1. Top to bottom by accessible area (1.4 Å), largest first, where do Lys157, Lys43 land?
2. Can you work out the accessible area per residue across the stretch 133-209, with the rest of the protein chains kept in place, probe 1.4 Å, in square angstrom?
3. Residues with amide H under 5 Å of Ala90's amide H, sequence separation 5 or more or different chain, H placed in the peptide plane at 1.01 Å from N; which?
4. Taking 8 Å as the Cα distance limit and 6 or more residues as the minimum spacing, I'd like the relative contact order of the stretch 69-141 as a percentage.
5. So which of Lys134/Lys163; Lys84/Lys150; Lys43/Lys157; Lys150/Lys198; Lys84/Lys198; Lys43/Lys163 end up more than 24 Å apart by C-alpha?
6. For the stretch 39-118, which whole percent of the accessible surface, found with a 1.4 angstrom probe, sits on carbon and sulfur atoms?
7. For the stretch 44-102, calculate the relative contact order in percent as a whole number, restricting contacts to Cα pairs under 8 Å that are 6 or more residues apart.
8. Where only protein heavy atoms count, and the probe is 1.4 Å, what is the accessible area per residue for the stretch 51-100 in Å²?
Amino acid sequence: MLKSMRKHGTTLAVFAALTTGLTAVVNGLTQKTIAHQATLQQKALFDQVVPPEYYDNDMQVECFLVSDPALGNGAPHRLYLARKSGQPSAAALETTAPDGYSGAIQLLVGADFSGTVLGTRVIEHHETPGLGDKIELRISNWIAFFSGQKIEGPDDKRWAVKKDGGMFDQFTGATITPRAVVNAVRRTALYMETLPPKLESLPACGASE
C-alpha cells in the first residue's frame, strides 16, 4: 500500500513538473506575439481618435500622466502626445464619465489644443445592453459625431444632448448615458486647451503608477 502510494506520488510529481515546464515554454514562445498584437491594437485605437496626419512620432512611447477633476476623478490618467515635426499637435487622453447610468464610463478622447475633438472611443462601460451600449462604435456610429467638433469655451451650449438644448442625439429610453459621455468629452477638450504650457513638466507613465 505504502509502496503504491509512493509510486503514484512520484508519478504525479513528474507530471506536475512536466506540465509546469510546458506552460513556461508556451508562455515564453507566445509572450512576444501577444505583446506585439497589443501594441498594434493600441496603435489602431490611437489612429481612430487622432488621425495619422496629425503626428509623425511614436505616441505609444510619449505617454504621460495627468490628474485633474475635469477628467472625472482624481486618479492619474494617461495622455499620449502627438507631435508633428517635433511640435506638440494633439493628444489622446484617457478620461472618465463618472455619471453613466450603470457606473463610470472610460473613454479615450483625441483632441488638439485649441478645442477641436478629433475622435472619441469608449474603452470600458457597464451600460444597459440595447440602450446605453449605443455609445460603442460596434453598436452604432453615435460616438463618431464627436470627430471634428469644436468647443467654443465652457459656455458653449451646443455641447449637450438635444433634450438639454444641445446638438448631440440622445438614445430612446436612455438619456443619462449619452449626456454623461458628452459632458465628459466637453470637459476633457476644455482641459486639453490648458495643457501646452505644462507638457514639458508632465511625469512619464510609470513614474508614479
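The values are calculated or read from the model by the stated rules, or taken from the named source; none is laboratory data. All of these numbers come straight from a predicted model, not from anything done at the bench. Here the Cβ is made from the backbone with ideal geometry for all residues, glycine too, and neighbour counts use every protein chain on show. Ligands, DNA and RNA are stripped out before the accessible areas are found, and what is left, the full protein with its side chains, is counted by its heavy atoms. Shrake-Rupley method; radii C 1.70, N 1.55, O 1.52, S 1.80 Å.
1. Lys157, Lys43
2. Here the residues of the stretch 133-209 average 52 Å² of exposed surface.
3. Those qualifying (amide H under 5 Å, at least 5 residues apart or on another chain) are Ala82.
4. Relative contact order of the stretch 69-141: 20 percent.
5. Working: Lys134/Lys163 17 Å; Lys84/Lys150 21 Å; Lys43/Lys157 33 Å; Lys150/Lys198 22 Å; Lys84/Lys198 18 Å; Lys43/Lys163 35 Å.
Cα-Cα > 24 Å for Lys43/Lys157; Lys43/Lys163; rest within.
6. Working: 1680 of 3250 Å².
So the carbon and sulfur contribution to the accessible surface is 52 percent.
7. 32
8. On a per-residue basis, 42 Å².
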